[in-house]
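Following: one structure in C-alpha cells, then a few remarks.
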Amino acid sequence: MSNNDDNVVSIKRHVDPNADINEMKNFVEDEQPQAMRSCLHNNVLVSEFNRSIHCRHCGATLDAFDYLLSIAKKETRLDWDLRRIRNEIERRREGLENLKREEVNTRARIKNAQFKLHDVNIALEQASEHLIKEKGHYGKR
Ligand SMILES: [Zn+2]
C-alpha cells in the first residue's frame with residue numbers, strides 16, 4: 001500500500017501544478033511556432049479573395065501595412081545604393097579622363113624625346129665623321 005502511494009506522488013510531481021490557470025482564462029495568447037520566429041517571410045502569397053498576405057514558407061499571416069512599409073524601406077535603401085553607385089561611376093569616369101590625358105601627354109613626350117634622340121644621333125654621327133677626317137688628316141702627316 002505504501003509503495004503504491006509513492007508512485008502516485010511521483011506522477012503528480014511531473015504535472016504542471018499551474019496548468020489549470022489557462023483553462024480559467026477567457027483569452028489565451030497563442031505561442032509563435034519556432035518556424036515563424038526564424039523565417040524571414042521572403043516568399044509571400046497575396047490573396048485577393050481573402051484580402052490577406054501569408055508567408056509561403058511558414059504560413060504566417062503578415063500585416064499588409066508592415067509588409068508594404070518593408071518594401072518601401074528596401075526601395076529607400078536601393079535609392080541610396082543607386083546614388084552611391086552613380087557617384088562612384090562619375091568619380092571613376094573623371095579618373096579615366098585624367099588617365100587618358102596623361103597617356104596623350106606621355107605619348108607626346110616620348111615622340112619629342114625620339115626627335116631629340118634622332119638629332120643627337122645625327123650630331124654624333126657628324127662628329128664621328130669629322131673626327132675620322134681629322135684623324136686621317138693628322139695621320140697623313
Ligand atoms: Zn515566413
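So the values come out like this:
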quantity: Karplus-derived HN-Hα couplings along segment 69-86 (A = 6.51, B = -1.76, C = 1.60, θ = phi - 60°), whole Hz, x at Gly and Pro; calculated: 4, 5, 5, 4, 5, 4, 5, 5, 4, 4, 4, 5, 4, 5, 4, 4, 5, 4
quantity: Cα point-scatterer Debye curve for the chain, base-10 log of I(q)/I(0) at q = 0.10, 0.14, 0.17 Å⁻¹; calculated: -0.81, -0.99, -1.10
quantity: Computed over segment 70-123, the ratio Rg/Rh where both radii use C-alpha atoms and Rh is Kirkwood; calculated: 1.57
quantity: Under-5 Å amide H pairs with H57, H placed in peptide plane, nonlocal only; calculated: N43
quantity: Among L124, L82, L62, residue whose mean-square fluctuation peaks in a GNM of the chain (springs only between Cα atoms under 10 Å); calculated: L124
quantity: Using a Förster distance of 35 Å, the FRET efficiency for E48-K25 (Cβ separation, nearest 0.05); calculated: 0.45
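The numbers here are math on the coordinates, done by the rules we state, and not lab data. Nothing here was measured: the structure is a model prediction, and the numbers come from that model. Note that we place each Cβ from the backbone using ideal geometry, even for glycine, and neighbour counts take in every protein chain shown.
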